[in-house]
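Chemist: Below is a structure I'd like to ask you about.
Every number in this text was worked out from the coordinates using simple rules, so none of it is lab data. In this text, all values refer to a predicted model and were calculated from it rather than measured experimentally. Here the Cβ positions follow ideal geometry from the backbone for every residue, glycine too, while neighbour counts run over all protein chains shown.
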């Protein structure tokens with residue numbers, strides 16, 4: 001039997017609010033909103049938008065941490081991690097968000113051991129910040145800072161582990177077509193239904209825990225289910 005591994009989005013999937021949005025709302029100069037409109041209009045790509053927005057942050061490290069410490073996660077996520085650990089299923093958080101935010105929030109819940117693939121937030125001086133994107137790909141269609149498709153790209157042996165994607169937003173759309181199965185919510189749920197991608201809808205990690213036994217036992221017929229139209233989140237930093 002082939003094994004599984006999990007690629008999991010962070011913002012809006014694990015966290016209940018988008019960490020990058022919260023930092024921009026509370027700590028950035030107001031021009032970040034103009035950049036957001038440029039991105040929405042298609043004038044600039046996601047990576048350029050986010051990099052220029054991060055450069056507008058004006059906050060000390062303590063102020064950054066104060067914002068992040070106010071962001072909660074799905075209360076069922078620690079139980080989900082306990083279950084996949086018990087089952088021997090590796091999980092990696094793959095996000096187009098910021099490593100400092102993700103690791104701070106996870107650390108607040110005793111989950112700092114989880115591997116994270118994301119953009120990097122680096123301090124320039126006492127109040128200025130920059131973004132680095134070690135997982136960018138020049139061929140990324142979404143021009144994201146973290147190309148989830150490039151990370152998920154695997155060699156072809158037939159016995160490789162299957163990919164389960166758990167996500168909710170725009171940055172998960174491309175990689176969903178490369179996954180073997182998807183647990184989806186919000187915008188990603190609508191996309192999987194429209195594109196015929198094998199998936200099941202979740203409202204949170206309680207649902208994901210309940211779905212794991214059927215997934216591992218091969219009881220899903222891989223036929224996509226009709227989707228519900230759920231509210232979409234505003235951000236592209238999934």
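Chemist: For region 1-96, place one equal point scatterer on every Cα, skip the solvent, and apply the Debye formula. What is log10 of I(q)/I(0) at q = 0.18, 0.25 Å⁻¹?
Modeler: For the requested q values the scattering log ratios are -0.91, -1.26.
Chemist: Further question on the same structure: Can you tell me the length gained on complete extension of the stretch residue 92 to residue 116, counting 0.36 nm per residue apart and subtracting the Cα distance?
Modeler: This chain segment gains 8.0 nm when fully extended.
Chemist: Round to the nearest 0.05 the FRET efficiency obtained for residue 72 and residue 123 when R0 = 30 Å and r is the Cβ-Cβ distance. Walk me through the numbers before you get to the answer.
Modeler: Details: r = 25 Å, r/R0 = 0.84.
It comes out at approximately 0.75.
Chemist: Moving to a separate point now. Please sort 161-168, 115-122 by packing, taking for each peptide the average over its residues of neighbouring beta carbons within 10 angstrom, highest first.
Modeler: 161-168, 115-122
Chemist: How much length, in nm to one decimal, is gained on full extension between residue 194 and residue 61, taken as 0.36 nm per residue of separation minus their Cα-Cα distance?
Modeler: Fully extending the segment from residue 194 to residue 61 adds 43.6 nm.
Chemist: Taking region 64-123, how much of its Cα-Cα pair set, in percent, is spaced more than 14 angstrom apart?
Modeler: Tail of the P(r) past 14 Å holds 59 percent of the pairs.
Chemist: Right, here's the next one. On full extension of the chain, what length is gained from residue 220 through residue 151, given 0.36 nm per residue of separation minus the C-alpha to C-alpha distance?
Modeler: 22.3 nm
Chemist: Would region 126-195 count as rounded, prolate or oblate if I go by the C-alpha gyration tensor, calling it rounded below 1.5 in a/c and otherwise prolate when a/b exceeds b/c, oblate otherwise?
Modeler: Numbers: a/c = 2.29, a/b = 1.40, b/c = 1.64.
Judged from the Cα gyration tensor, region 126-195 comes out oblate (a/c at least 1.5, b/c at or above a/b).
Chemist: Let me ask something else. If I model a spin label as a point 7 Å beyond the Cα along the Cα-Cβ vector, how far apart are those points for residue 108 and residue 34 in nm?
Modeler: Reported label-point gap for residue 108 and residue 34 is 3.2 nm.
Chemist: What percent antiparallel are the DSSP beta bridges of region 4-216, to the nearest 5?
Modeler: Bridges in region 4-216 that DSSP calls antiparallel: roughly 25 percent.
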